[in-house]
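One structure is given here, and the rest of the page talks about it.
Values quoted throughout were computed directly from the atomic coordinates according to the rules given, and no laboratory measurement underlies them. The structure presented is a predicted model; accordingly, all values stated were derived computationally and were not measured. When we count neighbours, we look across all protein chains shown, and the Cβ atoms used for this are built from the backbone with ideal geometry, even at glycine.
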Amino acid sequence: MRYSVFNLIYHALRGHRGWTPAWRDAQPQRAYEVIIVGGGGHGLATAYYLARNHGIRRIAVLEKSYIGSGNAGRNTTIIRSNYLLPGNLPFYELSMKLWEGLEQQLNYNAMVSQRGVLNLFHSDAQRDSLARRGNAMRMHRVDAELLDVAAVRRIAPFLDFETARFPIKGGLLQRRGGTARHDAVVWGYARAADSLGVDIVQNCEVTGFIRESGRLSGVETTRGEIRATKIGIAVAGNTSRLARMAGFHLPIESHVLQAFVSEAIKPLIPGVVTFGAGHFYISQSDKGGLVFGGDLDGYNSYAQRGNLPMVENVCEEGLALIPGMARVRMLRSWGGVMDMSMDGSPIIDRSPVDGLYLNGGWCYGGFKATPASGWCFAHLIARDESHEVARAYRLSRFASGHIIDEKGQGAQPNLH
Amino acid sequence: MRIRCPFCGERDSGEYTYLGANVRRSGASADDEQSRLFEAVYLRENPAGRHQELWYHAFGCRSWLVVTRDTSTHEILAVDLAKETVSS
């Protein structure tokens, strides 16, 4: 069923009783051409682009729970391409361009809203650093504007500009950045992939890999054996666990990142604002809740929940930036498990096992990357070569020294 | 999460900073030194479950600790002073 305004009116007049499920809850078949492990945004986008761009028809997406139940449903929904390094910029800009056409492409309302991403600076050194970042972006034909404090005041008058420790001196604005509805991205890709014949198999956890005469030939799952000669894993948070099943180690640690939402209030924050004196970012959802987050808890974790010291820390940073938040009640907080790679950048590459392809190490930049990640991972699986904007995301870069360390922290995953 | 420092007693995890897995580097004279260094710096077991890791009691006795912790539940199973485990 193609969604349109006529379609909506037609069903509205009939009491909305005629809508059908947006995708099939498929039963696993015995064999496929390609299996994608992980039914999050990245896995579903990969399946969709494999079918649409590369004409592969027999594809299964295996999800251990329900689709979008992992990090796709736990992020702060920000989309942007304000990166610095040449290894990252073209990739995230491709993602931004795909976001811009996503809803028409998928015929699904993903609520992509280019409301702007504003990174604040508080000192001369930070201004220089953001000016450099803005210049790098513009050299890659990505939009960036350096704002003075008066311009920031016009956009966000509610910020605390005059504090003695962290006075706001301006900001770097990417107007094309913004937010998208995270669940709708998952559902949109699922529906579009399903309509091209992709089987989305839920409650199907991969428990091992099948090898026959030295070659990878399928996966063992909680719903039986499923065969395929090409298997892609897109399970960020749990990539190390699948890698160990396949017999290799990765330069990744799993860490918990918490996010928060307040009660709904009237429109206050027009776009996404990030605090330069700490690590804090905030936006307002269309329902009115303030959605915000900060740093990792900082220790290895698969628990999908964090601890109170980081809750306190994030709220303190929020109040330092927006004192008015003191009167807003926090509604919920939750945690997601991040694949923190050793240089803070992702991996889209072949694995050491023939036929097994890796997509992981997204740190906390996975959501915005969803379309390009699927696009490039599909390219890699279908053609056995890296897409040109994802060439830097090789697994071998750690051994060869070609790391992509945006933050310059070195091999210390909890600091990226 | 609370960690029982062998010297200071049980304290809030906010008093500690985290380094990462308790990885030991091999001797510098090995033939495959380069690949061993790469493995020690970059590759991690990253288990969901029992994990041996290094914590520093920054706002306490400033000791390095080897903490054995379950990464699926955050339960702390054992805490030892790093200097004692290294000499053993």
**Message:** Would you confirm whether or not region B:29-49 contains a residue that is on the phi < 0 side of the Ramachandran plot, in a strand (DSSP E or B) and touching a residue at least 60 places away in the same chain (Cβ under 8 Å)?
**Reply:** no
**Request:** Check every one of the strands (runs of 3 or more DSSP E) wholly within region A:323-416 and list those with 1 or more residues that are acidic (Asp, Glu) and under 20 Å from A:Ser240 (Cα atoms).
**Result:** A:330-341, A:347-350
**Prompt:** Regarding A:Ala236, is this residue among the small types (Gly, Ala, Ser), within 27 Å of the chain's Cα centre (by Cα) and buried (at least 23 other Cβ atoms within 10 Å of the Cβ)?
**Reply:** yes
**Message:** Please go through region A:310-343 and give me each residue that is of a type in the set (Val, Ile, Thr) and touching an Asp or Glu at 6+ places or on another chain (Cβ under 9 Å), ordered by number.
**Reply:** A:Val314, A:Ile322, A:Val328
**Message:** Checking the structure you have, find out if any residue of region A:30-45 is surrounded by 21 or more Cβ atoms within 10 Å (Cβ to Cβ) and on the phi > 0 side of the Ramachandran plot.
**Reply:** yes
**Request:** Among the numbered conditions (1) more than 19 Å from A:Ile36 (Cα to Cα); (2) surrounded by 21 or more Cβ atoms within 10 Å (Cβ to Cβ); (3) within 14 Å of chain B (Cβ to nearest Cβ), tell me where A:Gly360 comes up short.
**Result:** (1)
**Item:** Filtered residues of region A:99-136 (kept if out of contact with any Asp or Glu (no Cβ under 9 Å at 6 or more places or on another chain), closer than 23 Å to A:Ala22 by Cα and surrounded by fewer than 21 Cβ atoms within 10 Å (Cβ to Cβ))
**Value:** A:Glu100, A:Gly101, A:Glu103, A:Gln104, A:Gln105, A:Asn107, A:Tyr108
**Unique residue being crowded, with 23+ Cβ neighbours inside 10 Å, farther than 26 Å from A:Leu290 by Cβ and not polar (S, T, N, Q) when the list is A:Gly355, A:Gly401, A:Gly374** = A:Gly374
**Item:** Set A:Lys266, A:Lys287: member being farther than 21 Å from A:His182 by Cα, out of contact with any helix residue (DSSP H, G or I) (no Cβ under 9 Å at 6 or more places or on another chain) and more than 14 Å from chain B (Cβ to nearest Cβ)
**Value:** A:Lys266
